[in-house]
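The values are calculated or read from the model by the stated rules, or taken from the named source; none is laboratory data. Nothing here was measured: the structure is a model prediction, and the numbers come from that model. Cβ sites come from the backbone with ideal geometry, for glycine too, and all protein chains shown count toward neighbours. Ligands, DNA and RNA are excluded from the accessible area calculation, which covers all protein heavy atoms including side chains. Shrake-Rupley method; radii C 1.70, N 1.55, O 1.52, S 1.80 Å.
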Amino acid sequence: MNSCKRNKFILLFLLFGIQLNAQQNDSIPKEKHEDLEEVVVTGQYNAQSVDKSVFEVRVINRREIDQLAGNNLADILNQTLNINIIPNASTGKSGVQLFGLDAQYFKILVDNIPLINDEGLGNNTDLTQINLDDIERIEIVEGSMGVQYGANAVSGIINIITKKSSVHKWQVSPYVQEETIGDEYNWVDKGRHIQSIKLGHNFNESLYGNAIFTRNNFNGFWGDKEGKSYLYNDGLRGYEWLPKEQYTVKSLWSYKKKNFNLFYKFEFFDEQTERYAEEVRENYMPETETTQPVASDEVFSSARFFHHLNANGQVFKQVHYDVSLSYQEQKRNVEAYNYRIRTEEKFDVEDYEYESRKAYYSRGNFSNFLPKKQSDIQIGYEVNSIKGFASSVSGMYSSENIERTLGSYDVFASSEIVLSDKVSLRPGARALFSSNFNTQAAVSLSARYALKNGWELRGILGTSPRLPSYEELYTYFVDVNHDVRGNSNLNPEQGTSAFIHLKKKSKINDWYLSNKLSGWFMNVKDRIELVIINQSPLQYEYTNIDTYNAWGLTFTNTANINNVRINGGATFLGVSKVLESEESDTDDYLYGIQLNVNASYQIPKWNTVVSAYLKYNGPQYQYVQEQDENGEIAILKGKQSDYSWLSATVRKSFLDNKLQATLGARNIFDVTTLRNTTEGGTVHSAGSTNNLLGYGRSYFLKLLYNFNF
Amino acid sequence: MKKIYILLFITTLIFGCEENDDVPAQPFVAAFEKLSVNLSTITEDSEIAIVFSEEAFGSGEIIVQVSSGEAVYGEDYATIPATESNQIIIPFSEGDDQTSFTFQPLMYPYTIDDNNTSITFEIIGINYSGYSNIQGYTSTILSFETSLGAVISPEVGGPNEGDQVFIDLSTEEVTSAQRDSWDLGFYGGDEFRVKINGSIYMAAAELESTDIDAVSLADVEEIQSSVAVGTFDPNNEAYIDDPSGAISGTAINEISATDADNKVYLINMGYYIGTETPAAGSVAIAGEHRGWKKVRILQTSDSYILQYADIDATTHSEVTIAKNDAYNFSFFSLEDETVVTVEPEKTNWDISFTVFTNIIDGAGSYGYSDFVITNVVGGVTAYEMSTDDVSYADFSFENIDEINLSDDQRIIGADWRDVFSGGVYNDRFYVLKDVEGNYYKIKMLALLSESGERGYPEFEYQLIN
């Protein structure tokens, strides 16, 4: 990588992103429109400015993370167009949904390599488990990125770029963040309490090291629930959102010489989630007219270890290399017990491993083989071995635990062909060899065409397979009334996406403007669904059968003038599901819209930034089957109501920028549950449900202190 | 220095306090284990148990008032500890969760003159250092009368629910039989009817042939997958007995006096009792499949003639089973080739806990665990009450509405429990009329054990008078 250039930009971010500039450094120009010069690495041969990137990379920079006081990914992504965050109140997890596809289709990377979780490497990630305290920026790319990032990068990827240097010899930054959860807050068992401290030191010109410790104590959302000491079986015991407590320890060591960079990153993450059962066995004793209520509770403990060693640089004064080695594991253990609520006694305590993934991983990119500057070739490999474990209780498995190892051995190559100043092309291909599945292929073709007057046109075509999940492969639920089976012969699903972006940059008087119109189409075929393979007796099996199509238009705009920054965008999305698995279905497109706008205003005199973020999510539709009174299956259009997220914050620096205070409110429109009629009415569920989406309007205060010397 | 202070200030904010939960208190209660005891069951010195709501955290004593009408203390009966001014004082110690006193039936052996004896013990005081109250079963009556009610935990065998349990409410008597110990039940009443064992998901299909030896596997292969429970095919209702319990609805047609009308039946033998231990709260009802048989049943005077064989056999066995009017059915095991005892005599049980083959409208037969049937063949009827109309506690003789009494055996059925939460619906209870004309109200208390395992039901019932 071009470390010099990168350093310069990191510096820029440090200075303007989080305003650590205790001493004014005159050599760095004070930029007020850094968005226009943002640098990205996702999908690039070398760190590139956003303008030069062949991919359309969206950046959430440190400034935005700080303005939203984002502690984890789930705190900030809900302001992003096309992305929805789907919280699961009963597991405490939050997954990402992009173009209507869930977290299985989406890959999360840290410094270009996929991040493990207990259900996969890169995909199925719980966003609340991704701490942002050492993050420089977040890069989001929509579309299938199989050539660059392999399997499961179907709807898109997030690449989280961590900070790897500091301008200060010593840096000590503690912070505390106090946050209400809805209107719930106290010092004991309500609200969210975050404490963190970061230490950084430049040992010499070449060696930098840092360490971060963060505790995030989320006390859960009580709502109408009555907590763990509630005695009655009327559905009120427990929490609306599960309480969880997280500890993150991270450390980074970076060594830099001319044409050689090395970093080692370590992370330990620990999370404890308490699941208090809603169901109470009251154990009423008529003899004494008393109760001895008992509940079956579970405490989940997740631990993640992350090691990443990366070397990059240049050899033979020509070839760029970037090689990563990584070992990662995440394990979720559960302590299941019965709890006598009156006497606060645990009994029948059982500890066991619930789910885990362990992965050895390596990736290498090599580029710049040709002396000619116009064109370039990149070749690379990505190999991993993932050992997975799923206990029999984590899904509908037979009574045995599932233990499998999946090896993936990919090679890829791409070429950047600069045809002229205006036109460049980048074709690429990847072969995915696997220990368990047939060999897969991914291809990509990107083209960039620079038009006159700052107009620019890009087209990106990409593919990526999605590997079947454990649930789809190994489910086994067979008894006298049921027969539901996984299918170990499933093939990966095939995702393809095509994007066209038209962009225009301009400066009118003092206004810096950037406007972009994107159109896209996405197709996933061989979608895996649970289908009826036999009517009598009724048997279900997971099968490659369905097709998913989506297309849409996104219009985004940025404007900067003096101390004001405004972003606004709109997206229009149509989704069509061809459900071969259903007897009567419809594959008509269903459409939805999302709008977002955010604005910030800097008041230099007061060292204060005021900002507001608004995202409107239009109603979402889905076809559902319902039986009418004659027993006929009818197709109805189910609807999830529209809602908006609004956050507003004020950040002010004191004491020569040493102390920073951020005061804000999230979810100002007080969104909690949404009426949803997209879930089919069956014997086991009602036709209309209320989805828990948020926990209502919350307020936070973050105080950060920088000791830099 | 200032920096250090600020750092210290911030770091002191870091750790919060410990959680602090307040659980609402309930009183310490000592109460009789039983509402009534039938004196005929007391033939020697017997303990009368007093149960506590919780382990006592200190010592104390319970004061019981005795009233015995005609019966004379010291002559007809006595207690240990002895009474003093018609009171017994029973001490208990820290850590006890129950206590008892001894009842001595001095009048035993009982004569016809003792029939009106009624001795009542009533708790009138609890001396205890903590918060206590007198409530619940505050008195117990020893007499020869019908039971006033009880709390019963039928032992159906945990999550495999391996046993059928029969309960006679008026005597509190409980009997049980292993679910797969029988295959066919031969009706003891007027008609010639044979039922199959729905508790192991058996199914029966009439074949064309009247020659049992001529039927081979090839003849039935095509229909075998349909002749089963839980296929989600509404047509499979023909292969099971009418789940209402109506004797006219058996899968096997009425046995004709004309032999030529009695066809051979294909018998799906259902499943052995499951042996797996499922996750807490779930059941493992069905084990291995028990295979296939063929049967043909004829009648002669007051007996049934059962011909039976393995499905592919070319010879068969034959056994004569006499009708027995004292029982609803005479039971036969095709596996053990013998008549077995399953149900008590037909007047000696009111409800049964059993696995059951029911029908879901539109989906055909479906296997149910935790099912409760009423003895409708024996003449027991029942209906369900909603607590919206009147509470279980308030329901009295005036509330009984005869017209609601149903002869469908599924009145309690499976609707008393919520399999998803593992709980019991508190919004309903049941009214039952037994063959002696007693009315009982029944309230289900539990589906799971304290540890959350399935197959540990519990219910309370009380005589309505």
Please compute the length gained on full extension between A:Phe268 and A:Asp656, using 0.36 nm multiplied by the number of residues separating them and subtracting their Cα-Cα distance. 136.3 nm
Between A:Glu353 and A:Leu309, 0.36 nm times their residue separation minus their Cα-Cα distance comes to what? 13.0 nm
Going by Cα centres, segment B:94-140 and segment A:285-318 are how many Å apart? 54
Whole-Hz ³J(HN,Hα) from phi, Karplus 6.51 cos²θ - 1.76 cosθ + 1.60, for segment A:265-271, glycine and proline x: 10, 10, 9, 10, 10, 9, 9
Extending each Cα 7 Å along its Cβ direction at B:Glu402 and A:Leu457, get the distance between those two points in nm, one decimal. 9.2
For segment B:380-447, calculate the relative contact order in percent as a whole number, restricting contacts to Cα pairs under 8 Å that are 6 or more residues apart. 42
Inter-label distance, nm, simple model (7 Å from Cα along the C-beta direction), B:Asp302/B:Gln65: 5.5
Using only Cα atoms, locate the centre of segment A:230-260 and the centre of segment A:162-200, then give the distance between them in Å, rounded to an integer. 13
Which chymotrypsin sites (Phe, Trp or Tyr not before Pro) from segment A:149-187 combine a DSSP loop assignment with at most 14 other Cβ atoms within 10 Å? A:Trp187
Nearest 500 deg cm²/dmol is fine: what mean residue ellipticity at 222 nm does chain A get from its DSSP H runs of n ≥ 4 alone, each adding -39,500 (n - 2.57), divided by its residue count? -1000 deg cm²/dmol
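If you average the sequence gap of Cα pairs under 8 Å that are 6 or more apart and divide by the length of chain A, what percent do you get for the contact order?
10
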Taking the Cα-to-Cβ direction at A:Leu370 and at A:Gln535 and moving 7 Å from each Cα, how far apart do the two end points lie in nm? 6.1
3J(HN,Hα) from dihedral phi, segment A:534-542, Karplus parametrisation 6.51/-1.76/1.60, rounded to Hz, x for glycine, proline: 7, 7, 9, x, 5, 10, 10, 8, 6
Roll a 1.4 angstrom probe over the protein heavy atoms and tell me the percent of accessible area of the protein assembly as shown that is carbon or sulfur. 50
Measuring from the longest principal axis of the C-alpha atoms of chain A, the long axis of helix A:3-12 (C-alpha) lies at a number of degrees, nearest 10, equal to 70
Between A:Phe521 and B:Thr314, what is the FRET efficiency for a Förster distance of 60 Å, r being their Cβ-Cβ separation, to the nearest 0.05? 0.35
Can you run phi through the Karplus equation (6.51, -1.76, 1.60; θ = phi - 60°) for segment B:296-308 and list ³J(HN,Hα) in whole Hz, with x for Gly and Pro? 9, 10, 10, 10, 8, 5, 10, 9, 9, 10, 9, 9, 8
Using only Cα atoms, tell me the angle between helix B:2-12 and the longest principal axis of chain B; keep it within 0 to 90° and round to the nearest 10. 60
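Can you tell me, using C-alpha contacts under 8 Å and at least 6 residues apart, the relative contact order of segment B:150-463 as a whole percent? Spell out each step's value before the answer.
Numbers: 797 pairs, mean separation 70.2, N = 314.
Once normalised by length, the contact order is 22 percent.
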Mean per-residue count of partner chain Cβ within 10 Å for B:52-60 equals 2
With a 10 Å radius around each residue's Cβ, average the other Cβ atoms per peptide and rank B:330-338, B:280-288, highest first. B:280-288, B:330-338
Considering the Cα trace of segment A:56-708, what is its radius of gyration and what is Dmax, both in angstroms? 25.8, 92
For chain B, what is the calculated [θ] at 222 nm in deg cm²/dmol (nearest 500), taking -39500 (n - 2.57) for each run of four or more DSSP H residues and dividing by its residue count? -1000 deg cm²/dmol
Round to the nearest 10 and report in Å² the accessible area of B:Thr171, as given by a 1.4 Å probe over the protein chains' heavy atoms. 70
Report the local net charge at A:Ala447: Lys and Arg +1, Asp and Glu -1, summed over other residues whose C-beta lies under 10 Å from its C-beta. +3
Long-range amide H partners of B:Ile464 with built H, under 5 Å: B:Tyr439, B:Tyr440, B:Lys441
When the solvent-accessible surface of protein heavy atoms is calculated with a 1.4 angstrom probe, in what order do B:Phe420, A:Phe55 fall, highest first? B:Phe420, A:Phe55
Counting only DSSP beta bridges with both partners in the protein assembly as shown, the antiparallel fraction in percent, to the nearest 5, comes to 95
Under-5 Å amide H pairs with A:Thr288, H placed in peptide plane, nonlocal only: B:Tyr137
Computed over the Cα atoms, what is the radius of gyration of chain B divided by 2.2 N^0.38 Å, N being its residue count? 1.25
Can you give me the long-range amide H partners of B:Tyr304? Hydrogens built in the peptide plane at 1.01 Å from N, cutoff under 5 Å, separation of 5 or more residues or another chain. B:Ile321, B:Ala322, B:Lys323
Please check chain A for the longest run free of GluC sites (Glu not before Pro) that are loop-located per DSSP (anything but H, G, I, E, B) and have at most 12 other Cβ atoms within 10 Å. A:1-204
Go through segment A:387-453 and name the trypsin sites (Lys or Arg not before Pro) that are in a DSSP coil and have 15 or fewer other Cβ atoms within 10 Å of their Cβ. A:Lys422, A:Lys452
